[in-house]
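The values are calculated or read from the model by the stated rules, or taken from the named source; none is laboratory data. These numbers come from a predicted model, not from an experiment. Positions of Cβ are generated from backbone atoms using ideal geometry, with glycine treated the same way; all protein chains shown enter the neighbour counts. Just so you know, the surface numbers come from the protein's heavy atoms only, side chains and all, with ligands and any DNA or RNA stripped out. Shrake-Rupley method; radii C 1.70, N 1.55, O 1.52, S 1.80 Å.
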Amino acid sequence: LLYVSDMGTNRIFKIDPEKNYEVSVFLESKELRSPNGLKFNPKTKQLMIVTWEGGEILEIDRSGKIHALKKGLKGLDGLDYDLRGNLYVSSFEKGEIYSIPMYGRGTIATFLSGLTTPADISFDRDRDEVLIPSFDGNTVTTAPRLPKK
């Protein structure tokens, strides 16, 4: 299955390739506050969402209930996990990447700052680094993952 966010309508769609790519609404709610990046939590297997308008990190449980894990951020765009369960989140507006241990349940720390419009980030598990495309900067930055603790 493929999940796609629509920031303008506060919807997340599900696309099923086994059903001729049938598109259905997985979730629609004002609580999504402009959902942007999506990623499944590798531990809980629940859908994680970062919101543009709300500046929140959300998790959708198996019953479809929305849980806010973190609040008070700005213009969130992308998210991904490293192999140790650290969640990385990009703030397009603030030019920052945050790291949150314990699969997004730990304390937020600024991992990188001073970036130009960091967008949909990804974690390269082979090279053990965060890949950070710049929407306005026409570049991709890499940063080594958090050190072992």
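Within the stretch 123-133, if we keep just the residues that are surrounded by fewer than 17 Cβ atoms within 10 Å (Cβ to Cβ) and in contact (Cβ under 8 Å) with a residue 24 or more places away in the chain, the residue that is nearest to the chain's Cα centre (by Cα) turns out to be R125.
Please enumerate the residues belonging to the stretch 40-49 that are under 17 Å from F13 (Cβ atoms) and not aromatic (F, W, Y). Result: L47, M48, I49. Of all residues in the stretch 114-149, count the ones that are farther than 22 Å from M48 by Cβ and either among the polar types (S, T, N, Q) or in a strand (DSSP E or B) (or both). Number of matching residues: 8. Filtered by the rule that a residue be closer than 11 Å to E31 by Cα and open to solvent by 10 Å² or more (accessible area, probe 1.4 Å), the stretch 48-82 gives E53, G54, E56, K65, I66, H67, A68.
Hey, among the residues in the stretch 97-113 that are touching a Gly at 6+ places or on another chain (Cβ under 8 Å) and closer than 19 Å to G55 by Cβ, which one's most open to solvent (accessible area, probe 1.4 Å)? First the steps, then the outcome.
Of the stretch 97-113, the ones touching a Gly at 6+ places or on another chain (Cβ under 8 Å) are 100-103, 113.
Applying the additional criterion that residues be closer than 19 Å to G55 by Cβ yields 100, 113.
Numbers: I100: 1, S113: 75 Å².
Ranking the qualifying residues of the stretch 97-113, first place goes to S113.
Taken over the stretch 1-42, residues that are more than 15 Å from the chain's Cα centre (by Cα) and basic (K, R) amount to 4. For the stretch 1-22, the candidate set comprises residues that are open to solvent by less than 60 Å² (accessible area, probe 1.4 Å) and in a loop (DSSP other than H, G, I, E, B); within that set, the residue that is farthest from I60 (Cα to Cα) is T9. Before we move on, is S122 touching a Leu at 6+ places or on another chain (Cβ under 6 Å), of a type in the set (G, A, S) and closer than 24 Å to E31 by Cα? So S122 fails the test.
What residue, among those in the stretch 23-47 that are of a type in the set (G, A, S) and free of Cβ contacts under 8 Å to residues at least 60 places away in the same chain, is most open to solvent (accessible area, probe 1.4 Å)?
Of the residues in the stretch 23-47, the ones of a type in the set (G, A, S) are 24, 29, 34, 37.
Adding the requirement that they be free of Cβ contacts under 8 Å to residues at least 60 places away in the same chain leaves 24, 29, 34.
On the way: S24: 40, S29: 24, S34: 14 Å².
Out of the qualifying residues, it is S24.
Evaluated against (1) crowded, with 19+ Cβ neighbours inside 10 Å; (2) at pLDDT 95 or above; (3) at negative phi, R145 falls short on exactly one condition, (2).
Say whether the condition of being touching a Ser or Thr at 6+ places or on another chain (Cβ under 8 Å) and charged (D, E, K, R) is met by at least one residue in the stretch 75-85. Taking every residue of the stretch 75-85 in turn, at least one turns out to be touching a Ser or Thr at 6+ places or on another chain (Cβ under 8 Å) and charged (D, E, K, R).
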